[in-house]
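Enquirer: The structure follows.
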Amino acid sequence: ETGVTQTPRHLVMGMTNKKSLKCEQHLGHNAMYWYKQSAKKPLELMFVYNFKEQTENNSVPSRFSPECPNSSHLFLHLHTLQPEDSALYLCASSQDWKETQYFGPGTRLLVL
Amino acid sequence: QQQVKQSPQSLIVQKGGISIINCAYENTAFDYFPWYQQFPGKGPALLIAIRPDVSEKKEGRFTISFNKSAKQFSLHIMDSQPGDSATYFCAASEKSGYALNFGKGTSLLVTP
């Protein structure tokens, strides 16, 4: 285990639902990330938090809303998603935003 | 625009053989080049990384070769084993950037 946990591991939701993904890191790191992994595409960085402050938002649609209440927890709130949002959502953390990133196992999301 | 181009998309190698995965980039500001390994149901895990001040780095059976002038780097897996069967991602990041720019991944299958 990498010290980064994600829940749930699998999620099926309708386009009108609201759900949240949770990430927790037990490594004492200061930076946390959300990535989207789709088949046959590179991992896409969605959000970066450094010391709880959002430092990057890679033009992610507003139907994805991140929350970082402290340096150990990161949430991704989902609402009115589209089928093309179906993907593996990965959380990662690092000691500093320039250091090695450690990934969680991901949440497999299916939007119907 | 994809910042890091990775090839091949898939690779089949016999046990004991050498697996070679290549990546190319254009951004000369990149100064950190990690390789990640991902098994099914798991998040990517850092395998080995290199910076441009060296041309080669070896860790056990895994070697990164780096050609700064050609803006290419590659992963060599010597004496490939069935347990090496996984998806491998190259990545690159800038000295002052947050984002890891990932290649699309190579699915490696090592046959017994």
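Enquirer: Taking only the stretch B:95-112 into account, find how many residues are at the interface with chain A (Cβ under 8 Å from one of its Cβ atoms) and in a strand (DSSP E or B).
Expert: Residues meeting the conditions: 2.
Enquirer: A further question on this structure: What strands (runs of 3 or more DSSP E) lie completely within the stretch A:71-112 and have 3 or more residues being within 14 Å of chain B (Cβ to nearest Cβ) and farther than 16 Å from A:Lys19 by Cβ?
Expert: So the answer is A:87-94.
Enquirer: May I pose another question? For the stretch B:66-94, which residues satisfy the criterion of being in a loop (DSSP other than H, G, I, E, B) and surrounded by 19 or more Cβ atoms within 10 Å (Cβ to Cβ)?
Expert: Selection gives B:Ser80 alone.
Enquirer: Also, I was wondering about something else. Which numbered condition in (1) closer than 25 Å to B:Trp35 by Cβ; (2) within 10 Å of the chain's Cα centre (by Cα) is the only one that A:Pro66 fails?
Expert: For A:Pro66, the failing item is (1).
Enquirer: Also, quick follow-up: Please verify whether B:Gly83 is within 14 Å of chain A (Cβ to nearest Cβ) and not acidic (Asp, Glu), treating the condition exactly as stated.
Expert: Judged against the criteria, B:Gly83 is not a match.
Enquirer: Now for a different question. Would the stretch A:56-64 turn up any residue that is crowded, with 17+ Cβ neighbours inside 10 Å and away from chain B (no Cβ under 14 Å)?
Expert: Yes - at least one qualifying residue is present in the stretch A:56-64.
Enquirer: Take the stretch B:20-40 and flag every residue that is under 11 Å from the mean Cα position of the chain (by Cα) and of a type in the set (Gly, Ala, Ser).
Expert: If the condition is that a residue be under 11 Å from the mean Cα position of the chain (by Cα) and of a type in the set (Gly, Ala, Ser), then B:Ala24 is the only one that fits.
To keep it simple, each residue is scored yes or no on (1) in contact (Cβ under 8 Å) with a residue 60 or more places away in the chain; (2) touching a Ser or Thr at 6+ places or on another chain (Cβ under 9 Å).
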| position | (1), (2) |
| --- | --- |
| B:Asp53 | no, no |
| B:Lys71 | no, yes |
| B:Leu75 | no, yes |
| B:Pro82 | yes, yes |
| B:Val110 | yes, yes |
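Enquirer: What strands (runs of 3 or more DSSP E), lying completely within the stretch B:1-54, carry at least 2 residues that are modelled with pLDDT under 95 and either buried (at least 16 other Cβ atoms within 10 Å of the Cβ) or within 12 Å of chain A (Cβ to nearest Cβ) (or both)?
Expert: Strands (runs of 3 or more DSSP E) meeting the threshold: B:30-38, B:45-50.
The values are calculated or read from the model by the stated rules, or taken from the named source; none is laboratory data. Here the structure is a predicted model, which is why all the values come from computation and not from measurement. For neighbour counting, all protein chains shown are included, and Cβ atoms are generated from backbone atoms with ideal geometry for every residue, glycine included.
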